[in-house]
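Below: one structure, written as structure tokens.
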Amino acid sequence: METLVAYAFNNDSASRAAAGRARIEAYYDGLWDRQGKHSGYDGSTIGLHVWDRDDSGSSWPSWHDAGELRIATQHAPLGYQRVIGDVPPHDAPAKLAHAVRRNPAGFLELAPPFTMAVMDPDEDRLDLFTDSIGVGRLFQLRLADGWVWSNRPVAALLFGGIHAAANLRGWTFAAACGWFMDDSTPYDGVLSVPGATHIVADGRRRRQTVSRIETTSVWSTDSPDTVEETAEALQDVARSVGRLWPGKPTVDLSGGRDSRVVAASFLAAGVDVKLNSYDAVPGELDVAESLVQMLPQQVEHFTTRKAVGVKAKVSAQPPKPPALVERALRWHRYAEGLRPASYLFHAPPATLANVAHLAIGGAGGEVAHGHFYPNDVLALDALPLHDKLQAFGKRLQTRLTPTAGPSERSRTAVADQIEHVLRDAVHGGIENATMIDYFYVVERLRRWGTTGERSGVVSPLLIPAFVRAAFALDPSQRVENALHRKLVRHLVPEWADVPFFKPVVAPATPRPAKSTVRCLADAPDRELIERLLTEVDGFDPGSLSTLWAASTAGASSAGGEATLRQALWRATFDQHLEEINRHLPEDTRPVVRIAKPRPAPVVIPKNRRLVRNSAARMLASTVLWRTFRTSKLGRSWRSLSK
């Protein structure tokens with residue numbers, strides 16, 4: 001539920017801030033389950049506010065008043081000891097703020113997600129920092145006379161008193177690939193601040209300066225972190241978890257690669273943990289149990305195994321979905337349009353305040369094993385650079401964009417952005433398949449909804465040391481999971497020779513006569529869905545009609561249903577906008593003004609001259625008239641007669 005708002009206005013900051021705060025609290029009060037605790041400070045032209053719950057679970061404060069500085073943060077800065085030393089959490093925010101103001105590059109050593117805003121009332125200065133990837137989330141809204149920043153785009157609009165409207169560019173991207181590319185968001189006028197960015201708002205000079213460390217220079221260095229340095233950084237994160245959250249943390253351990261590196265980091269750091277495993281895929285739990293048995297020390301291990309001997313009821317048809325229009329709207333309320341449409345069949349949390357537990361996962365590990373790599377990546381990597389760029393761009397376009405549904409404009413927008421990011425990678429010195437990993441981090445990873453959505457989500461593999469070590473690999477090493485293997489061997493040698501689990505691919509089975517794909521047309525509100533899908537921005541109406549016909553016939557493909565979900569996601573977003581705008585005063589709504597018709601100009605043919613009477617021609621030829629025309633009085637007369 002954590003909500004941060006910072007602003008810089010040219011004038012009248014106190015009264016405007018009070019009105020903005022009231023709008024935010026009126027809109028979010030129910031979503032916060034009435035547990036939002038406010039802290040903040042309004043200066044002469046700048047201000048900073050944060051809302052959080054009393055029992056956030058972390059010993060890191062979201063608001064810290066250090067006297068000369070006011071500090072608001074989102075998430076907890078895991079590994080902060082690497083920047084300021086082993087300082088107790090209640091004293092650390094001020095020391096960290098001073099350190100990163102002196103040396104903004106130091107902020108990039110903290111584990112994402114993390115966002116910090118520092119206000120200096122005496123200097124009338126506001127500093128905002130985003131983590132190295134931008135997972136912590138910061139959005140900005142430009143006003144006619146100032147700026148608003150927030151980790152929630154709706155909060156920025158409400159605080160600024162700006163009408164909420166759909167962003168055409170953002171939804172054009174989302175129609176084709178499912179997320180908001182570049183700096184776009186679902187909301188018009190609200191932009192996403194990229195990672196590794198430092199913003200300074202100077203209230204005295206009414207000036208804003210933005211500095212950003214170029215992404216490739218953050219990760220692709222001449223001296224990348226060694227395995228030992230990366231392992232030590234991962235252990236620092238594990239120790240920070242033990243310091244910042246009370247109790248024994250639970251770490252998931254599957255048979256796969258990412259969770260094994262994370263669990264090994266906690267064990268090697270000496271943090272007392274509970275391991276948790278379950279058999280999501282047949283055979284994976286057996287690998288996890290064997291790993292625990294190899295450890296030289298006793299570790300609590302919880303397992304969840306499916307009941308043996310109980311035959312599950314098999315149905316030719318999947319369960320019918322609930323009313324999906326209202327569910328999509330509830331998701332937009334909860335996640336402000338930033339969750340992907342794949343969540344449509346999942347029930348959203350009732351409030352923003354009901355999740356406070358610590359969640360430790362392996363997000364980010366994909367950077368070290370080529371998550372977006374095509375099967376023929378090594379062959380394509382051998383091509384000349386120009387051909388390689390084209391080939392990788394086409395593979396990404398094929399992977400991200402469905403074959404039917406999005407309009408040509410949406411497809412072109414995504415293709416252009418793919419090419420733009422890949423060329424940025426080349427300009428930064430990346431000329432092999434690592435450019436695909438660069439695209440994954442810049443475009444996809446920082447938009448993972450669940451990672452930056454709330455505090456208490458710990459993703460050790462997002463730390464810069466791991467990403468730098470991953471970018472130092474060549475593509476063949478990524479395919480072979482070389483970094484994961486080396487880290488496991490260094491952290492927990494007993495696990496080094498256990499292969500990473502791979503599910504067994506079952507032989508192809510004949511497709512059943514009746515599709516078992518969950519179809520939108522099976523929803524009880526199918527008539528409403530059909531009306532909403534008639535015409536949706538970013539989608540081709542003919543393709544949507546064909547896909548809907550397949551859904552009603554129960555003959556949809558998984559890809560076709562995914563496209564329909566994305567279209568419904570966009571269509572229901574307009575209702576979400578209406579809910580937001582009810583909390584804005586009427587005079588902030590856009591007014592359509594019809595201009596009065598202008599009289600048609602009198603056109604005089606080129607070959608036709610004005611005809612004066614003889615008396616006028618005689619007067620115009622006199623010296624007295626020419627003297628009058630060039631005089632001050634004559635010039636004034638001519639200007640009035642026009």
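Structure data summary
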{"quantity": "Number of positions in the stretch 411-458 that are outside any helix (DSSP H, G or I), in contact with a Gly (Cβ under 9 Å, 6 or more places away or on another chain) and either more than 20 Å from Leu234 (Cβ to Cβ) or modelled with pLDDT of 90 or more (or both)", "calculated": "2"}
{"quantity": "Odd one out for Ala72, checked against (1) surrounded by fewer than 24 Cβ atoms within 10 Å (Cβ to Cβ); (2) closer than 16 Å to Thr3 by Cα; (3) among the aliphatic types (A, V, I, L, M)", "calculated": "(1)"}
{"quantity": "Residue check for Thr221: closer than 30 Å to Glu431 by Cα and buried (at least 18 other Cβ atoms within 10 Å of the Cβ)", "calculated": "no"}
{"quantity": "Trp171 being part of a loop (DSSP other than H, G, I, E, B), out of contact with any strand residue (DSSP E or B) (no Cβ under 6 Å at 6 or more places or on another chain) and not assigned by TED's automatic domain parsing to the domain that holds Leu295", "calculated": "no"}
{"quantity": "Subset tally (residues that are buried (at least 24 other Cβ atoms within 10 Å of the Cβ), among the small types (Gly, Ala, Ser) and not in a helix (DSSP H, G or I)) for the stretch 134-163", "calculated": "3"}
{"quantity": "Selected residue (only one of Leu96, Leu78 is buried (at least 19 other Cβ atoms within 10 Å of the Cβ) and in a loop (DSSP other than H, G, I, E, B))", "calculated": "Leu78"}
{"quantity": "Matching entry among Arg53, Arg34 (being loosely packed, with under 15 Cβ neighbours inside 10 Å, closer than 27 Å to Pro348 by Cα, among the charged types (D, E, K, R) and out of contact with any Cys (no Cβ under 9 Å at 6 or more places or on another chain))", "calculated": "Arg34"}
{"quantity": "Lone qualifier among Phe180, Phe173, Phe159 - being touching a residue at least 12 places away in the same chain (Cβ under 8 Å) and farther than 25 Å from Leu584 by Cβ", "calculated": "Phe173"}
{"quantity": "The stretch 204-262: number of residues that are part of a strand (DSSP E or B) and touching a residue at least 40 places away in the same chain (Cβ under 8 Å)", "calculated": "5"}
{"quantity": "The listed residue being more than 30 Å from Leu275 (Cα to Cα), in contact (Cβ under 8 Å) with a residue 40 or more places away in the chain, surrounded by fewer than 17 Cβ atoms within 10 Å (Cβ to Cβ) and not β-branched (Val, Ile, Thr), out of Leu400, Leu396, Leu385", "calculated": "Leu385"}
{"quantity": "Boolean, Ala269 is touching a strand residue (DSSP E or B) at 6+ places or on another chain (Cβ under 7 Å) and within 22 Å of Ser58 (Cβ to Cβ)", "calculated": "no"}
{"quantity": "Matching residues in the stretch 53-68 - criterion: being touching a strand residue (DSSP E or B) at 6+ places or on another chain (Cβ under 9 Å) and free of Cβ contacts under 8 Å to residues at least 60 places away in the same chain", "calculated": "Asp54, Pro61, Trp63, His64, Asp65, Glu68"}
{"quantity": "Of all residues making up the stretch 533-553, the number that are of a type in the set (S, T, N, Q) and either farther than 13 Å from Ala404 by Cα or not in a helix (DSSP H, G or I) (or both)", "calculated": "3"}
{"quantity": "Selection status of His386, under 17 Å from Trp179 (Cβ atoms) and assigned to a helix (DSSP H, G or I)", "calculated": "no"}
{"quantity": "Which numbered condition Asp183 misses (of (1) of a type in the set (D, E, K, R); (2) in contact with a Leu (Cβ under 7 Å, 6 or more places away or on another chain); (3) modelled with pLDDT under 95)", "calculated": "(3)"}
{"quantity": "Flag if Phe139 is closer than 27 Å to Leu462 by Cα and within 15 Å of the chain's Cα centre (by Cα)", "calculated": "yes"}
{"quantity": "Test: Trp60 is assigned to a loop (DSSP other than H, G, I, E, B), aromatic (Phe, Trp, Tyr) and within 30 Å of Ser240 (Cβ to Cβ)", "calculated": "yes"}
{"quantity": "Residue count, the stretch 1-33 (criterion: within 26 Å of the chain's Cα centre (by Cα) and of a type in the set (Lys, Arg))", "calculated": "2"}
{"quantity": "Residue satisfying all of: in the stretch 455-484; surrounded by fewer than 23 Cβ atoms within 10 Å (Cβ to Cβ) and touching a strand residue (DSSP E or B) at 6+ places or on another chain (Cβ under 9 Å); nearest to Val227 (Cα to Cα) among these", "calculated": "Val457"}
{"quantity": "Filtered residue count, the stretch 188-210, keeping only those that are within 30 Å of Ala368 (Cβ to Cβ) and either assigned by TED's automatic domain parsing to the domain that holds Asp474 or among the acidic types (Asp, Glu) (or both)", "calculated": "0"}
{"quantity": "Residue tally, condition of a type outside the set (A, V, I, L, M, F, W, C) and not in a helix (DSSP H, G or I), over the stretch 555-569", "calculated": "2"}
{"quantity": "Cβ-Cβ under 7 Å pairs, at least 6 apart or on other chains, the stretch 137-156 side assigned by TED's automatic domain parsing to the domain that holds Thr197 and modelled with pLDDT of 95 or more, far side part of a loop (DSSP other than H, G, I, E, B) and of a type in the set (D, E, K, R)", "calculated": "Asn151/Arg137; Arg152/Glu336; Pro153/Glu336; Val154/Glu336"}
{"quantity": "Residues of the stretch 105-124 satisfying the condition of being over 21 Å from the mean Cα position of the chain (by Cα), among the charged types (D, E, K, R) and either closer than 25 Å to Glu443 by Cβ or modelled with pLDDT of 95 or more (or both)", "calculated": "Asp120"}
{"quantity": "Residue match in the stretch 100-110 (condition: outside any helix (DSSP H, G or I), closer than 25 Å to Gly361 by Cβ and not acidic (Asp, Glu))", "calculated": "yes"}
{"quantity": "Residue check for Thr412: within 27 Å of Gln397 (Cβ to Cβ), surrounded by fewer than 22 Cβ atoms within 10 Å (Cβ to Cβ) and in contact with a strand residue (DSSP E or B) (Cβ under 7 Å, 6 or more places away or on another chain)", "calculated": "no"}
{"quantity": "Every pair of residues 6+ apart whose Cβ atoms lie under 6 Å, when the first sits in the stretch 116-133 and is part of a strand (DSSP E or B) and crowded, with 19+ Cβ neighbours inside 10 Å while the second is modelled with pLDDT under 95 and of a type in the set (Phe, Trp, Tyr)", "calculated": "Phe129/Phe107"}
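Residue-by-condition table, conditions (1) assigned by TED's automatic domain parsing to the domain that holds Ser459; (2) on the phi > 0 side of the Ramachandran plot; (3) at pLDDT 90 or above:
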{"position": "Thr221", "(1), (2), (3)": "no, no, no"}
{"position": "Gly247", "(1), (2), (3)": "yes, yes, no"}
{"position": "Asp252", "(1), (2), (3)": "yes, no, yes"}
{"position": "Val261", "(1), (2), (3)": "yes, no, yes"}
{"position": "Gly270", "(1), (2), (3)": "yes, yes, yes"}
{"position": "Ser277", "(1), (2), (3)": "yes, no, yes"}
{"position": "Leu285", "(1), (2), (3)": "yes, no, yes"}
{"position": "Val299", "(1), (2), (3)": "yes, no, yes"}
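The values are calculated or read from the model by the stated rules, or taken from the named source; none is laboratory data. Because the structure is a prediction, the values reported are computed rather than measured. Cβ sites come from the backbone with ideal geometry, for glycine too, and all protein chains shown count toward neighbours.
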